[in-house]
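What follows is one structure encoded as structure tokens, with my remarks underneath.
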Amino acid sequence: MKSNILKIFATLFLSISFLQTVKAGFPVGNGRWLLSPTYTRYFADGYWDNTGIFNNFENKGRYQSDYFGLYGGIGIGRDVDLVFNIPFVQQRYLENGQIQESLQAVGDITVGLSYFLNHFDYYKHLSITGSLIFPAYPSIEQTYLLPGFNSTGGEIKMGLAGTNTNTLKDTYYDVEAGIRTYFNAGGPTMFFANATLGVPFNEDWKLSGTFNLVSSNSSTGFLTPTNIFINRDFSYLRGNISLGRRINRNITWFASIFRDFTGRSIGQGQGFSTYMVFKF
């Protein structure tokens with residue numbers, strides 16, 4: 001394969017891992033905590049090149065990733081939550097049904113603080129979240145299956161979440177936008193935006209749709225000084241449909257499917273996810 005195609009693989013897991021960490025929403029509550037274990041299956045049979053044209057992988061190539069994550073939030077004050085995300089991933093690349101490369105590793109651990117800015121409306125929550133990113137794996141070798149950028153980093157985002165009481169009554173929304181950057185040579189710096197609209201069927205069932213937009217840029221472009229297989233310059237638009245079922249007042253189960261609609265220098269991915277939300 002050409003080196004630029006190998007770089008595509010490096011971004012496949014990074015894109016699904018990023019999806020799991022950009023969470024916003026409602027405050028946890030002082031003295032309360034939230035845990036959300038997640039499983040995601042992600043796969044891609046082709047990629048978009050740097051002009052946005054789709055190509056199939058050679059020799060019936062297929063990338064596959066199994067993501068296991070634990071997201072959590074702890075209310076440490078009326079307006080402040082401690083949030084974190086710990087990922088573990090299994091990755092495989094196959095050609096003609098045979099495994100060519102595989103990797104199992106803990107990914108980038110994210111720890112941050114969310115501060116809720118408004119008290120004037122019980123049905124709306126405006127927040128700002130700052131997080132630090134720590135790689136939990138040894139130095140990346142020259143391989144194109146990667147658990148992260150092998151760099152510390154930081155992220156800041158603004159979020160607005162709430163419930164509609166008039167127009168589209170009882171529907172809920174969660175909108176956020178932010179920037180993430182890594183502190184090694186070439187970054188990258190990522191701009192992202194996410195928008196969710198949910199519709200409850202009754203007190204126990206809800207349906208939601210989400211769009212995720214990520215644009216990653218680097219001063220080195222497609223060239224990475226520290227690892228020739230890492231692509232830091234890519235973008236994608238992803239759609240997600242999720243169904244939620246409340247088990248009781250403390251536990252909710254979700255199942256979702258997702259697909260990438262368009263992109264640049266990244267694989268065309270799709271898959272499914274299931275996760276639980278425990279609140280205490």
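The values are calculated or read from the model by the stated rules, or taken from the named source; none is laboratory data. Predicted, not measured: the structure shown is a model, and the values here were computed from it. Please note: Cβ atoms are built from the backbone with ideal geometry, for glycine as well, and neighbour counts cover all protein chains shown.
The figures follow:
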{"read-out": "Conditions (1) surrounded by fewer than 15 Cβ atoms within 10 Å (Cβ to Cβ); (2) at pLDDT below 95: number failed by ARG245", "value": "(2)"}
{"read-out": "Matching residues, region 98-126, being closer than 23 Å to ASP174 by Cβ, among the acidic types (Asp, Glu) and in contact with a helix residue (DSSP H, G or I) (Cβ under 9 Å, 6 or more places away or on another chain)", "value": "ASP108"}
{"read-out": "Region 41-63: number of residues that are under 16 Å from the mean Cα position of the chain (by Cα) and surrounded by 15 or more Cβ atoms within 10 Å (Cβ to Cβ)", "value": "2"}
{"read-out": "Members of region 31-47 found to be closer than 22 Å to ILE241 by Cβ and among the hydrophobic types (A, V, I, L, M, F, W, C), listed by number", "value": "PHE43, ALA44"}
{"read-out": "Residues being in contact (Cβ under 8 Å) with a residue 60 or more places away in the chain and within 16 Å of SER65 (Cβ to Cβ) - total across region 102-124", "value": "2"}
{"read-out": "Residues being within 16 Å of ILE133 (Cα to Cα), surrounded by 20 or more Cβ atoms within 10 Å (Cβ to Cβ) and not hydroxyl-bearing (Ser, Thr, Tyr) - total across region 169-184", "value": "2"}
{"read-out": "Checking ALA193 against (1) within 24 Å of GLY209 (Cα to Cα); (2) in contact (Cβ under 8 Å) with a residue 24 or more places away in the chain; (3) of a type outside the set (Ser, Thr, Tyr), the condition it does not meet", "value": "(2)"}
{"read-out": "Among the candidates ASN164, ASN150, residue that is within 23 Å of ILE241 (Cα to Cα) and in contact with a strand residue (DSSP E or B) (Cβ under 8 Å, 6 or more places away or on another chain)", "value": "ASN164"}
{"read-out": "Options GLY187, GLY159, GLY153; residue that is in contact (Cβ under 8 Å) with a residue 40 or more places away in the chain, surrounded by 14 or more Cβ atoms within 10 Å (Cβ to Cβ), on the phi > 0 side of the Ramachandran plot and not aliphatic (A, V, I, L, M)", "value": "GLY187"}
{"read-out": "Some residue of region 26-38 being under 13 Å from the mean Cα position of the chain (by Cα) and modelled with pLDDT of 90 or more", "value": "yes"}
